[in-house]
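S.K.: Below is the structure I would like to discuss, written out as structure tokens.
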Amino acid sequence: MKISYNWIKQFIKIDWTPEQTSELLTDLGLEVEGLDLYQSVKGGLDGVVVGEVLTCVQHSNADKLKVTTVNIGQDQPVQIVCGAPNVAAGQKVPVATIGTTLYTEEGEAWTIKKGKIRGEESHGMICAEDELGLGKSHDGILVLPEDTVVGTPCADLFEVENDQVFEIGLTPNRADAMSHFGTARDLKAGLQQKGINVELITPSVSAYHVDSRTLKIDVDVLNKELAPRYCGVTISGLKVETSPEWLQNRLKAIGLSPINNVVDITNYVLHDLGQPLHAFDASKITGNKVEVKTLPTGTKFTTLDGVERELHEDDLMICNAEKPMCIAGVFGGIDSGVTEHTTNIFLESAYFNPVSVRKTAKRHGLNTDASFRFERGIDPKITEYALKRAALLIQEIAGGEITSDIADIYPNKIEDFQVRLSFDKVTKLIGQEIPTETIKSILTSLDIKINSVTETGLGLTIPAFRNDVTREADVIEEILRVYGYNNIETSSKLNASISNASRFEDYKLQNLVGNQLAAQGWFEIMANSLTSANYLKLTEQLKAEHNVEMLNPLSQDLGVMRQTLLFSGLEALSHNINRRQTNLKFFEFGKTYHDYNGTREEYKHLSLLVTGFKTEENWSNAPQVKTNFFYLKGTIASVLERLGITRYQESATTNDVFSEGLQFSIGRDTLVNFGVLKSKIAKHFDITQDIFYADFNWDTIIEVAKRNKIKFTAIPKYPEVRRDFALLLDQNVTFDSLQAIAKKTEKQLLKKVNLFDVYQGKNLPEGKKSYAVSFTFMDERQTLTDKVVDKIMNKLQNNFEKQLGAELR
């Protein structure tokens, strides 16, 4: 938000430097992010003075040039070569002296230098109005009135306005400060706290009166919930033309382009008082009637920007007797606005429902100065005052007469807030006792009325324009920001308490696993919890009826809360792959959101996504090896093992996002689903390389980890014994079934079963494969003998032959 310092000074008389004022505004919570110089004429005409042409003769070497001597108020006149056809002796002219910087219409700077033109010295330049930035004419030099005093700075002569403009980063809750008057009100409070008492000057509207009642526009508010207050008045016989310089300068300073005097006044009052206004051409109000109502969905309406829009049934519209004229509080229509031919207007000032305006603006993708203020909540009590202020300015600048009484439809008054403030609560929240008189002074300076005073606190009435101050804590925050955060003393001691937290706290386990994955070369991502509902078409596992939908989505791509971490992760993969980063290992801790028959539920997950090569290209690891299903499985196993979870069952996954995959579970609790992502899902995100994905049920992982008990045992004294089998097996036999038979055969001495080679191909019977399996044995009480081990191996062989049809190779 841009705030003009000169404009502010219309409300409070302050002689502080802009830098001092910036610091105070920031301390008050209106953070000044930038301070810019505005000049009504770029460069401020610095170095341009009034000169008098003493002599003017033809240049000896150029037909179109003349050599002049000019008195610029110095000891000696200067010689200037001029090419203007209208230059003549005796004229008073603007002279840009040596060193002066002028600007082109495009804003490019150029400096006046001493030089020679066709052999004649030139010590400056006699300027045309376009060269000074005072107009567009370049027909000749600008000739000034004869009585203009030589040597007068042109900046004074043309009343160049120099202004400092604050760029304020306004927080959404500070609707009261969305104007120069609101900012001045805060400044007044801050200055008062520093012992500087200034008066807040409110523009007077006492001169307002009705001249005649010759043009009445009936007003009918059909939806009083969306338009709690609506005011309007007619002004007749005005003349639409260019605004005066002072008004143009005010608007240009804050980045607005002047349009015409009527529209400029409505914009001026908006930024002056914070009350949006709209002027309708009265001749275009069919039936001399204004209706404030909603229209059926699908109704066509063309806005000022020439775009035809389809209205929603909840959009509040300002209509005449036949058709809509304006989207209330958001944007005007193309057929009802003020033009150069307008002579009579209907001037509107209203308070519209903030939620309604915000939804309408979002629906139509519009963000205007009016909607910015309405959707945050303006002051409902200045609606009529601002209308009178604008009407008087229009009469002053555009002429005309007020030709109707003010229509003020305000059936249900918006009341001020009542808050009880405890002095003890102030001290407790701030951490320092503030004198009672100081508290009362601060509240009064903020227009907060003190109704009652007791030893323990205050009874307060909060004005309606402070819609962000409704609780005791809000009032204390107001006291603190005006009193000054920097004035709160730092405590001489530090109090701390030690909490006893379980090692199974979510954040601890998350950090543990996150650090491990990062050490293994994985990168953590944090994706948006909002996603597109269209992604659910890629899987039958997730149902649209379980979506948690946004009431006011920023876009259709962010319309629902995610039911899975997969699709947001794929967006991240696609983004990186499109930028030639193809070797990726991502993990994310995040929540999924579900609506089960009106019951909202959240579940935490850990997702892993890996694609490309295991490592980056390097001479030491050539050739590169691609990531695969078993690489992901190993990573998952290491995560579970780090959490002490080693005993789980493997089974085929039923999740339809995988072309093939596994599920690890303990009893009925599923720990993780993982596998190869279906290519059609990857292609939806323009990914053609293989993707391996894992989805941990993190809530279940935490519960299982809590149940896991750590048992400490002595390091074994006796050696391990390893034996191998090369087994010929049917293609459908899995290592999992072989491992289960082995552990069932020998429960005590068998410590480990490992598959270290798989062979399929020639020299094997059709439908067969070869597994090379190692078995590790150990007795914690004694050294194992070959006799004991051989006996176990024979049992294993017999069981493999009987149950799996295995053969030794």
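S.K.: Hey, any hits in the range 609-628 for a residue that's closer than 23 Å to G667 by Cβ and assigned by the TED database to the domain that holds N511?
M.R.: Looking through the range 609-628, none of the residues is closer than 23 Å to G667 by Cβ and assigned by the TED database to the domain that holds N511.
S.K.: Can you find even one residue in the range 688-696 that is in contact with a strand residue (DSSP E or B) (Cβ under 8 Å, 6 or more places away or on another chain) and either free of Cβ contacts under 8 Å to residues at least 60 places away in the same chain or on the phi > 0 side of the Ramachandran plot (or both)?
M.R.: The first filter runs over the range 688-696 and keeps only residues in contact with a strand residue (DSSP E or B) (Cβ under 8 Å, 6 or more places away or on another chain), leaving 689-696.
Going one step further and asking which of them are either free of Cβ contacts under 8 Å to residues at least 60 places away in the same chain or on the phi > 0 side of the Ramachandran plot (or both), we end up with none.
No; the residues of the range 688-696 include none that is in contact with a strand residue (DSSP E or B) (Cβ under 8 Å, 6 or more places away or on another chain) and either free of Cβ contacts under 8 Å to residues at least 60 places away in the same chain or on the phi > 0 side of the Ramachandran plot (or both).
S.K.: Evaluate the range 223-237: report whether one residue or more is β-branched (V, I, T) and surrounded by fewer than 14 Cβ atoms within 10 Å (Cβ to Cβ).
M.R.: no
S.K.: Given the residues D369, D314, D335, which is the only one that is within 19 Å of L270 (Cβ to Cβ) and either at pLDDT below 95 or more than 22 Å from the chain's Cα centre (by Cα) (or both)? Step through it out loud before you land on a result.
M.R.: Numbers: D314 fails: within 19 Å of L270 (Cβ to Cβ); D335 fails: within 19 Å of L270 (Cβ to Cβ).
So the residue among D369, D314, D335 that is within 19 Å of L270 (Cβ to Cβ) and either at pLDDT below 95 or more than 22 Å from the chain's Cα centre (by Cα) (or both) is D369.
S.K.: Taking the conditions exactly as written (open to solvent by 10 Å² or more (accessible area, probe 1.4 Å) and under 23 Å from Y5 (Cα atoms)), does I265 satisfy them or not?
M.R.: The answer is no for I265.
S.K.: With respect to Q74, determine if the residue is under 22 Å from E146 (Cα atoms) and touching an Asp or Glu at 6+ places or on another chain (Cβ under 7 Å).
M.R.: In short, no.
S.K.: Looking at (1) more than 24 Å from Q164 (Cβ to Cβ); (2) part of a strand (DSSP E or B), which is the one condition that is false for I3?
M.R.: Unmet condition: (1).
S.K.: Collect the residues in the range 644-661 that are open to solvent by less than 80 Å² (accessible area, probe 1.4 Å), more than 20 Å from L565 (Cβ to Cβ) and outside any loop (DSSP other than H, G, I, E, B), keeping them in residue-number order. Outline the logic, then answer.
M.R.: Let us first name the residues in the range 644-661 that are open to solvent by less than 80 Å² (accessible area, probe 1.4 Å), namely 644-645, 648, 650-653, 655-659, 661.
If we keep only those that are more than 20 Å from L565 (Cβ to Cβ) too, we end up with 644-645, 648, 650-652.
Listed by number, the residues that qualify are E650, S651, A652.
S.K.: Find the strands (runs of 3 or more DSSP E) located wholly in the range 34-131 whose residues include 2 or more that are open to solvent by less than 70 Å² (accessible area, probe 1.4 Å) and farther than 30 Å from K252 by Cβ, and list them.
M.R.: The qualifying strands (runs of 3 or more DSSP E) are 48-58, 66-71, 78-82, 115-117, 120-122.
S.K.: Scan the range 111-128 and tell me whether some residue there is farther than 13 Å from L142 by Cα, in contact with a Cys (Cβ under 7 Å, 6 or more places away or on another chain) and in contact (Cβ under 8 Å) with a residue 24 or more places away in the chain.
M.R.: Checking the range 111-128: not a single residue is farther than 13 Å from L142 by Cα, in contact with a Cys (Cβ under 7 Å, 6 or more places away or on another chain) and in contact (Cβ under 8 Å) with a residue 24 or more places away in the chain.
Rundown of residues vs (1) among the charged types (D, E, K, R); (2) modelled with pLDDT of 95 or more, yes/no style:
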residue	(1), (2)
I498	no, no
L517	no, yes
E524	yes, yes
Y535	no, no
Q581	no, no
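S.K.: OK, next. Could you list, in sequence order, the residues of the range 1-31 that are open to solvent by 30 Å² or more (accessible area, probe 1.4 Å), touching a residue at least 24 places away in the same chain (Cβ under 8 Å) and of a type outside the set (D, E, K, R)?
M.R.: M1, N6, Q10, G29 - these are the residues of the range 1-31 that are open to solvent by 30 Å² or more (accessible area, probe 1.4 Å), touching a residue at least 24 places away in the same chain (Cβ under 8 Å) and of a type outside the set (D, E, K, R).
Condition check ((1) assigned to a loop (DSSP other than H, G, I, E, B); (2) on the phi < 0 side of the Ramachandran plot; (3) of a type in the set (K, R); (4) crowded, with 19+ Cβ neighbours inside 10 Å) across all residues:
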position: D139; (1), (2), (3), (4): yes, yes, no, no
position: V150; (1), (2), (3), (4): yes, yes, no, no
position: V160; (1), (2), (3), (4): yes, yes, no, yes
position: Q164; (1), (2), (3), (4): no, yes, no, yes
position: I168; (1), (2), (3), (4): no, yes, no, yes
position: P172; (1), (2), (3), (4): yes, yes, no, no
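S.K.: Given the residues D699, D686, D695, which is the only one that is part of a strand (DSSP E or B), assigned by the TED database to the domain that holds F567 and either charged (D, E, K, R) or open to solvent by 80 Å² or more (accessible area, probe 1.4 Å) (or both)?
M.R.: On the way: D699 fails: part of a strand (DSSP E or B); D686 fails: part of a strand (DSSP E or B).
The conditions single out D695.
S.K.: Does N467 satisfy the criteria of being under 32 Å from the mean Cα position of the chain (by Cα), assigned to a loop (DSSP other than H, G, I, E, B) and under 19 Å from A189 (Cβ atoms)?
M.R.: Yes, satisfied.
The rows are residues; the columns are (1) without any contact (Cβ under 8 Å) to a residue 40 or more places away in the chain; (2) among the basic types (K, R); (3) in a helix (DSSP H, G or I); (4) open to solvent by 20 Å² or more (accessible area, probe 1.4 Å).
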position: A682; (1), (2), (3), (4): no, no, yes, no
position: K706; (1), (2), (3), (4): no, yes, yes, yes
position: K709; (1), (2), (3), (4): yes, yes, no, yes
position: D736; (1), (2), (3), (4): no, no, yes, yes
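S.K.: Can you tell me which residues in the range 439-450 are open to solvent by 10 Å² or more (accessible area, probe 1.4 Å) and free of Cβ contacts under 8 Å to residues at least 40 places away in the same chain?
M.R.: K440, T444, K449, I450
S.K.: Condition first: open to solvent by 70 Å² or more (accessible area, probe 1.4 Å) and of a type in the set (G, A, S). Now tell me which residues in the range 615-643 satisfy that.
M.R.: S620, A622
S.K.: Another question, if that's okay. Surrounded by 13 or more Cβ atoms within 10 Å (Cβ to Cβ) and aliphatic (A, V, I, L, M): does that describe V758? Steps first, please.
M.R.: Values: surrounded by 13 or more Cβ atoms within 10 Å (Cβ to Cβ): no; aliphatic (A, V, I, L, M): yes.
So V758 does not fit the description; no.
S.K.: Still on this structure, I have one more. Is it fair to say D468 is within 30 Å of G559 (Cα to Cα) and outside the structural domain of F696 (by the TED database)?
M.R.: Criteria met by D468.
S.K.: Additional query: Give me a count of the residues in the range 765-790 that are free of Cβ contacts under 8 Å to residues at least 60 places away in the same chain and surrounded by 12 or more Cβ atoms within 10 Å (Cβ to Cβ).
M.R.: Looking only at that region, the number is 11.
S.K.: Another one. From the set of residues in the range 6-33 that are in a loop (DSSP other than H, G, I, E, B) and among the charged types (D, E, K, R), which is farthest from H180 (Cα to Cα)?
M.R.: Once the filter is applied, the top-ranked residue is D15.
S.K.: Let me ask another. Mind listing just one residue for me: the one in the range 451-464 that is open to solvent by less than 50 Å² (accessible area, probe 1.4 Å) and of a type outside the set (G, A, S) and, of those, farthest from the chain's Cα centre (by Cα)?
M.R.: L458
S.K.: With the requirement that a residue be under 18 Å from K537 (Cβ atoms) and either free of Cβ contacts under 8 Å to residues at least 40 places away in the same chain or of a type in the set (F, W, Y) (or both), what does the range 556-590 give you?
M.R.: Q556, D557, L558, G559, V560, M561, R562, Q563, F567 - these are the residues of the range 556-590 that are under 18 Å from K537 (Cβ atoms) and either free of Cβ contacts under 8 Å to residues at least 40 places away in the same chain or of a type in the set (F, W, Y) (or both).
S.K.: If you go through the range 473-498, how many residues are more than 30 Å from the chain's Cα centre (by Cα), open to solvent by less than 100 Å² (accessible area, probe 1.4 Å) and either free of Cβ contacts under 8 Å to residues at least 24 places away in the same chain or under 30 Å from N697 (Cα atoms) (or both)?
M.R.: Of the residues in the range 473-498, 2 are more than 30 Å from the chain's Cα centre (by Cα), open to solvent by less than 100 Å² (accessible area, probe 1.4 Å) and either free of Cβ contacts under 8 Å to residues at least 24 places away in the same chain or under 30 Å from N697 (Cα atoms) (or both).
S.K.: Here's something else I'd like to know. What's the number of the only condition in (1) without any contact (Cβ under 8 Å) to a residue 40 or more places away in the chain; (2) in contact with a strand residue (DSSP E or B) (Cβ under 6 Å, 6 or more places away or on another chain) that I666 fails to meet?
M.R.: Condition not satisfied by I666: (2).
S.K.: Could you look through the range 503-550, keep only residues that are outside any loop (DSSP other than H, G, I, E, B) and basic (K, R), and pick out the one that is least open to solvent (accessible area, probe 1.4 Å)?
M.R.: My answer is K508.
S.K.: Now for a separate question. Can you work out which of the residues in the range 32-68 that are touching a residue at least 24 places away in the same chain (Cβ under 8 Å) and charged (D, E, K, R) is farthest from L132 (Cα to Cα)? Outline the logic, then answer.
M.R.: Applying the first criterion (touching a residue at least 24 places away in the same chain (Cβ under 8 Å)) to the range 32-68 yields 32-56, 59-62, 65, 67-68.
If we keep only those that are charged (D, E, K, R) as well, we get 33, 36, 42, 46, 52.
Numbers: E33: 31, D36: 21, K42: 8, D46: 10, E52: 17 Å.
That would be E33.
The values are calculated or read from the model by the stated rules, or taken from the named source; none is laboratory data. Because the structure is a prediction, the values reported are computed rather than measured. When we count neighbours, we look across all protein chains shown, and the Cβ atoms used for this are built from the backbone with ideal geometry, even at glycine. These accessible areas exclude ligands, DNA and RNA; they are computed on the full protein's heavy atoms, side chains included. Shrake-Rupley method; radii C 1.70, N 1.55, O 1.52, S 1.80 Å.
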